[in-house]
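For reference, the structure discussed in these notes is given below.
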Amino acid sequence: MSKLPILQHKPKHEELILVAFRLDPRHDGPEFYTLLAVGGDDERPPMAEARIVFFTRPELAAKALALDDSLVQLGAPPKDVETFCDVAEALYRVNSQNADPDGVILDCLLMFDDLVRATRLHMPDRYQGILTELAAGLTEGTSLQRIFSSPSLREHVEDALLWCVGAITVKARLLNE
(Lines give C-alpha, C1' and ligand atoms only; values in the text may rest on other atoms or scores of the structure.)
Protein backbone atom coordinates (compact mmCIF):
# COMPACT_ATOMS: atom_id res chain seq x y z
CA MET A 1 0.00 0.00 0.00
CA SER A 2 1.42 3.35 -0.99
CA LYS A 3 1.81 6.03 1.57
CA LEU A 4 -0.73 8.78 1.35
CA PRO A 5 0.71 12.27 1.49
CA ILE A 6 0.10 14.16 4.67
CA LEU A 7 -1.60 17.40 3.86
CA GLN A 8 -0.41 20.39 5.76
CA HIS A 9 -3.24 22.77 6.49
CA LYS A 10 -1.93 26.25 6.81
CA PRO A 11 -3.93 28.29 9.28
CA LYS A 12 -5.74 31.09 7.59
CA HIS A 13 -4.24 34.49 8.23
CA GLU A 14 -6.59 36.60 10.28
CA GLU A 15 -6.29 40.34 10.46
CA LEU A 16 -8.26 43.22 11.87
CA ILE A 17 -10.13 45.82 9.87
CA LEU A 18 -11.72 49.03 11.07
CA VAL A 19 -15.40 49.37 10.21
CA ALA A 20 -17.31 52.67 10.31
CA PHE A 21 -21.09 53.06 10.62
CA ARG A 22 -23.63 55.77 9.95
CA LEU A 23 -27.22 55.56 11.22
CA ASP A 24 -28.41 59.16 11.08
CA PRO A 25 -29.04 60.40 7.52
CA ARG A 26 -28.37 63.98 8.67
CA HIS A 27 -24.86 63.06 9.78
CA ASP A 28 -22.14 63.61 7.17
CA GLY A 29 -19.81 60.75 8.02
CA PRO A 30 -19.20 57.87 10.40
CA GLU A 31 -20.89 58.03 13.79
CA PHE A 32 -19.27 55.00 15.40
CA TYR A 33 -16.86 52.16 14.69
CA THR A 34 -15.94 48.60 15.49
CA LEU A 35 -13.19 46.20 14.54
CA LEU A 36 -13.69 42.98 12.63
CA ALA A 37 -11.40 39.96 12.49
CA VAL A 38 -11.35 38.82 8.86
CA GLY A 39 -9.51 36.19 6.85
CA GLY A 40 -10.38 33.22 9.02
CA ASP A 41 -13.36 30.93 9.26
CA ASP A 42 -15.14 33.14 11.79
CA GLU A 43 -15.34 36.84 10.96
CA ARG A 44 -16.16 38.52 14.24
CA PRO A 45 -16.15 41.82 16.10
CA PRO A 46 -14.61 42.39 19.53
CA MET A 47 -16.85 41.10 22.31
CA ALA A 48 -16.98 41.99 25.99
CA GLU A 49 -19.42 40.24 28.30
CA ALA A 50 -21.39 38.87 25.31
CA ARG A 51 -21.73 42.34 23.79
CA ILE A 52 -20.29 43.73 20.56
CA VAL A 53 -17.85 46.53 21.33
CA PHE A 54 -18.38 49.72 19.34
CA PHE A 55 -16.58 53.02 19.85
CA THR A 56 -17.17 56.63 18.90
CA ARG A 57 -13.68 57.52 17.61
CA PRO A 58 -11.03 55.46 15.79
CA GLU A 59 -8.57 56.40 18.57
CA LEU A 60 -10.56 54.12 20.90
CA ALA A 61 -9.89 51.01 18.80
CA ALA A 62 -7.04 49.82 21.03
CA LYS A 63 -9.25 50.15 24.11
CA ALA A 64 -11.99 48.12 22.38
CA LEU A 65 -9.50 45.50 21.26
CA ALA A 66 -8.12 45.10 24.79
CA LEU A 67 -11.57 43.95 25.95
CA ASP A 68 -11.46 40.81 23.76
CA ASP A 69 -8.69 38.31 24.52
CA SER A 70 -9.31 36.35 21.31
CA LEU A 71 -8.75 39.39 19.09
CA VAL A 72 -5.96 41.14 20.96
CA GLN A 73 -3.52 38.48 19.72
CA LEU A 74 -4.11 39.65 16.12
CA GLY A 75 -2.00 42.73 16.70
CA ALA A 76 -2.50 46.45 16.79
CA PRO A 77 -5.76 47.84 15.47
CA PRO A 78 -5.68 49.48 12.05
CA LYS A 79 -5.87 53.25 11.86
CA ASP A 80 -7.70 53.53 8.53
CA VAL A 81 -11.32 52.60 7.85
CA GLU A 82 -11.58 49.57 5.59
CA THR A 83 -15.37 49.30 5.35
CA PHE A 84 -18.15 51.85 5.71
CA CYS A 85 -21.56 50.46 6.61
CA ASP A 86 -23.96 53.28 5.74
CA VAL A 87 -27.18 52.01 7.32
CA ALA A 88 -29.01 55.28 6.66
CA GLU A 89 -28.23 55.18 2.94
CA ALA A 90 -29.04 51.46 2.70
CA LEU A 91 -32.48 52.03 4.23
CA TYR A 92 -33.09 54.98 1.89
CA ARG A 93 -32.20 52.89 -1.15
CA VAL A 94 -34.35 49.97 0.02
CA ASN A 95 -37.27 52.34 0.57
CA SER A 96 -37.18 54.37 -2.61
CA GLN A 97 -34.43 53.65 -5.11
CA ASN A 98 -34.20 51.34 -8.10
CA ALA A 99 -30.41 51.11 -8.18
CA ASP A 100 -27.52 50.63 -5.78
CA PRO A 101 -24.53 51.24 -8.06
CA ASP A 102 -21.90 51.29 -5.31
CA GLY A 103 -23.24 48.32 -3.33
CA VAL A 104 -24.25 50.14 -0.15
CA ILE A 105 -27.04 47.66 0.61
CA LEU A 106 -24.89 44.59 0.04
CA ASP A 107 -22.12 46.03 2.22
CA CYS A 108 -24.63 46.48 5.06
CA LEU A 109 -26.08 43.00 4.56
CA LEU A 110 -22.64 41.41 4.78
CA MET A 111 -21.74 43.40 7.89
CA PHE A 112 -25.09 42.66 9.54
CA ASP A 113 -24.54 38.96 8.88
CA ASP A 114 -21.32 38.99 10.93
CA LEU A 115 -22.70 41.23 13.66
CA VAL A 116 -26.03 39.44 14.12
CA ARG A 117 -24.17 36.13 14.28
CA ALA A 118 -21.97 37.61 17.02
CA THR A 119 -25.05 38.54 19.07
CA ARG A 120 -26.07 34.86 19.19
CA LEU A 121 -29.70 35.96 18.78
CA HIS A 122 -31.90 33.91 16.48
CA MET A 123 -33.04 35.90 13.48
CA PRO A 124 -36.62 35.08 12.52
CA ASP A 125 -36.65 32.69 9.57
CA ARG A 126 -38.71 35.05 7.41
CA TYR A 127 -36.11 37.81 7.84
CA GLN A 128 -33.21 35.44 7.29
CA GLY A 129 -34.79 34.19 4.08
CA ILE A 130 -35.60 37.59 2.65
CA LEU A 131 -32.15 39.02 3.42
CA THR A 132 -30.41 35.94 2.02
CA GLU A 133 -32.38 36.25 -1.22
CA LEU A 134 -31.66 39.98 -1.40
CA ALA A 135 -27.93 39.41 -0.89
CA ALA A 136 -27.90 36.71 -3.56
CA GLY A 137 -29.70 38.96 -6.02
CA LEU A 138 -27.39 41.89 -5.37
CA THR A 139 -24.32 39.66 -5.63
CA GLU A 140 -25.54 38.49 -9.04
CA GLY A 141 -25.97 42.12 -10.12
CA THR A 142 -29.77 42.16 -10.20
CA SER A 143 -31.13 45.72 -10.07
CA LEU A 144 -33.21 46.90 -7.14
CA GLN A 145 -36.04 47.65 -9.54
CA ARG A 146 -36.15 44.01 -10.55
CA ILE A 147 -35.71 42.69 -6.99
CA PHE A 148 -38.42 44.91 -5.55
CA SER A 149 -41.29 43.81 -7.75
CA SER A 150 -43.81 45.06 -5.17
CA PRO A 151 -43.88 47.82 -2.55
CA SER A 152 -44.65 45.28 0.16
CA LEU A 153 -41.36 43.50 -0.55
CA ARG A 154 -39.51 46.76 0.15
CA GLU A 155 -41.37 47.00 3.47
CA HIS A 156 -40.45 43.43 4.40
CA VAL A 157 -36.77 44.08 3.65
CA GLU A 158 -36.91 47.28 5.70
CA ASP A 159 -38.44 45.34 8.61
CA ALA A 160 -35.70 42.73 8.39
CA LEU A 161 -32.95 45.36 8.32
CA LEU A 162 -34.48 47.17 11.28
CA TRP A 163 -34.64 43.87 13.17
CA CYS A 164 -30.90 43.51 12.58
CA VAL A 165 -30.24 47.04 13.81
CA GLY A 166 -32.27 46.31 16.95
CA ALA A 167 -30.56 42.99 17.62
CA ILE A 168 -27.12 44.52 17.23
CA THR A 169 -28.06 47.52 19.37
CA VAL A 170 -29.35 45.51 22.32
CA LYS A 171 -26.16 43.43 22.28
CA ALA A 172 -23.80 46.42 21.98
CA ARG A 173 -21.41 48.16 24.29
CA LEU A 174 -20.35 51.66 23.25
CA LEU A 175 -17.02 53.15 24.29
CA ASN A 176 -16.91 56.92 24.08
CA GLU A 177 -13.90 57.72 26.26
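Could you work out the helix-only [θ] at 222 nm for the chain, with each DSSP H run of four or more residues adding -39,500 (n - 2.57) and the total divided by the number of residues, to the nearest 500 deg cm²/dmol?
-12500 deg cm²/dmol
So which DSSP H runs in the chain come out at 18 Å plus along the axis (Cα) with average Kyte-Doolittle of at least 0.0?
Qualifying helices, which must be both long enough and hydrophobic enough, are 104-119, 125-139, 151-170.
Give the carbon-plus-sulfur fraction of the accessible surface of the chain in %, rounded to a whole number; probe 1.4 Å, heavy atoms of protein chains only.
Reported share for carbon and sulfur atoms: 52 percent.
Can you give the accessible area per residue of the chain, in Å², using a 1.4 Å probe?
60 Å²
Out of the DSSP beta bridges found with both residues in the chain, what percent are antiparallel (nearest 5)?
In the chain, approximately 55 percent of DSSP beta bridges are antiparallel ones.
For the chain, what ratio Rg/Rh do Cα atoms give with a Kirkwood hydrodynamic radius?
1.04
Where in the chain is the longest stretch that carries no trypsin sites (Lys or Arg not before Pro) classed as loop by DSSP and with at most 16 other Cβ atoms within 10 Å?
In short, 121-177.
Can you give me the Kirkwood hydrodynamic radius for segment 52-147, using every pair of distinct Cα atoms, in Å to one decimal?
Mean inverse Cα-Cα distance, inverted, gives 15.4 Å.
Taking K and R as +1 and D and E as -1, what net charge do the other residues with C-beta under 13 Å from the C-beta of residue 145 add up to?
+2
The values are calculated or read from the model by the stated rules, or taken from the named source; none is laboratory data. Keep in mind that this is a model prediction, so the values were computed, not measured. As a convention, Cβ positions derive from the backbone with ideal geometry for all residues, glycine included, and neighbour counts pool all protein chains shown. These accessible areas exclude ligands, DNA and RNA; they are computed on the full protein's heavy atoms, side chains included. Shrake-Rupley method; radii C 1.70, N 1.55, O 1.52, S 1.80 Å.
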